[in-house]
Amino acid sequence: MSAIVGLILVLLALFGAPLFVVLGASGMANFSAAGIPLVVMSEEHYKLATNPHLITIPLFTLAGFLMAESRAADRLVRVSRALLGWLPGGLGIVVIASCAFFTTFTGASGVTIIALGGLLYPMLVRERYPEDFSLGLITSSGSIGLLFPPSLPIILYGIVARTSIDQLFVAGIIPGTIFLTVLGGYSLFIGRKHKVNRTPFDFREAASTVWLAKYELAVPLVVLTAIYGIPGFTDGLVTIAEASAICAIYLLIIEVFVHKDIKLWGGDDERPDLFKVIRESIVMVGAIMIILGVALGLTNYLVQEEVPMKILAAIQDQIDSRFTFLILLTVFLLIVGCLMDIFSAIIVVVPLITPIAEVYGIHPVHLGIIFLANLEIGYITPPVGLNLFISSLAFGRPVVQLYRMALPFLFLMLTALLIITFNEDLSLWLVNKWVPSG
């Protein structure tokens, strides 16, 4: 009977049934088969609702939507170009920096490609960057900011894996910078090779664009300083939950009342109203919460049935070294990353791999960075990486062309990933310096 139910659920998933339906039905079917009251599913929802970090998800999501719906992207691109456009390949670095900043707050690479792609692609072509490079760069940079705080996937990972979000925020800074550096170096190489146009540095232009975007540029600095303080001078002043509220209120005031990019009501094509922005962010948060709640119920069943331990036993029969396990974990997570969106992958996969990774001596914070970095790359991994299809639709190109255009960036990011994966100190050095344990 259970096999028939499992087959039905798989078929439902293949035919496009919502993920929460498949996960919830799977949990209910398994608990019923085991004779366990279904009230345990509600208990998991209660535990989720009482998690002190849960409030950060809707608040940081609202902050990201406020930036996405305003003209913040235009201001950030202008700043980046004024400061970096004089470099050979400087506009490529502008694309990387702008996309990273934007994705950090929206938490969604697809939003970044759609919001910035139409602005950045014509600029790259106009400055004589090769078309393949331009489209590949935008496609790859769409997910490059997911390791930087206050990225929503970091928060969600911390909740699901029961790992310190404070430490994950700091741990992602160096690995994220490595990705930026690798892609930035490639942009410099392409810029020199093709002798692309540069924007002469103009101090007045740089100062004016920085001044215009000063409020958005201050957001990550304000959030991090408020949470962690200044090492050697002050301790942190607020919790992550309080910082998320500060961030959301701050951006609401800036985008609605200072820049006036968003109307309080009566929006139009040029300026959306605040109600629309809040409604869209609530829809996204609601979807995440429903999936998270039912997934935790299913996870509870898997733990009770010792499924992770059985998987571990099977793995240990074949793998006896940490190095081999990390290689196989990388391959597995890349496949997961190109098949599932990052939120679903975190909710479904993390509870299965965390106990296994612990046995192989992988630090839980470092595991989080490995997991997120792999899924970041999974977005551009053929054949079904999400960014490839979004770029295909956004720029009207066959997805097979996007495969070819993204390959150089994929290889570069894989190289950076291996460096990060096998050098745990890259994740933990700042954590040990900046964030107290516990």
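Just so it is clear, none of the values below were taken in a lab; they were calculated from the coordinates. The model shown is predicted, which means the values in this text are computed figures rather than measured ones. Positions of Cβ are generated from backbone atoms using ideal geometry, with glycine treated the same way; all protein chains shown enter the neighbour counts.
So here's what we get for this one:
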item: Coil-residue chymotrypsin sites (Phe, Trp or Tyr not before Pro) of segment 209-293, DSSP, other Cβ within 10 Å capped at 14; result: F233, W265
item: C-alpha long axis of helix 322-339 to longest principal axis of the chain, angle in °; result: 70 degrees
item: Amide proton proximity set for D341, modelled H, under 5 Å, gap of 5+; result: none
item: Net charge, R397 excluded, C-beta distance under 15 Å - Lys, Arg +1, Asp, Glu -1; result: -1
item: Residues whose placed amide H lies under 5 Å from that of D273, excluding near-sequence neighbours; result: K263, G267, D268
item: Degrees between helix 2-14 axis and first principal axis of the chain (Cα, 0 to 90, nearest 10); result: 10 degrees
item: Relative contact order %, segment 19-434, counting alpha carbon pairs below 8 Å whose residues are six or more apart; result: 25 percent
item: Under DSSP loop assignment and at most 14 Cβ neighbours within 10 Å, longest GluC sites (Glu not before Pro)-free interval of the chain; result: 1-269
item: Candidates G118, G191, G266, ranked by Gaussian network fluctuation over the chain, Cα under 10 Å, top entry; result: G266
item: Eligible lysines near K214 by straight Cα distance, threshold 21 Å, same-chain separation 8 or greater; result: K260, K263
item: Sorted by Cβ neighbour density within 10 Å, fewest at the top, the residues D425, D268; result: D268, D425
item: Per-residue Cβ neighbour rank within 10 angstrom, fewest leading, S32, S427, S143; result: S32, S427, S143
item: Acute angle (nearest 10 degrees) that the helix 56-69 long axis makes with the longest principal axis of the chain, alpha-carbon atoms; result: 30 degrees
item: Residue of P37, P364, P52 that the Gaussian network model of the chain assigns the largest fluctuation, springs spanning Cα pairs under 10 Å; result: P37
item: Of D132, D202, D273, the one that fluctuates the most in a GNM where the chain has Cα springs shorter than 10 Å; result: D202
item: C99, C338 arranged by Cβ crowding within 10 Å, fewest neighbours leading; result: C338, C99
item: Whole-angstrom gap from segment 154-198 to segment 19-95, using each part's C-alpha centre; result: 18 Å
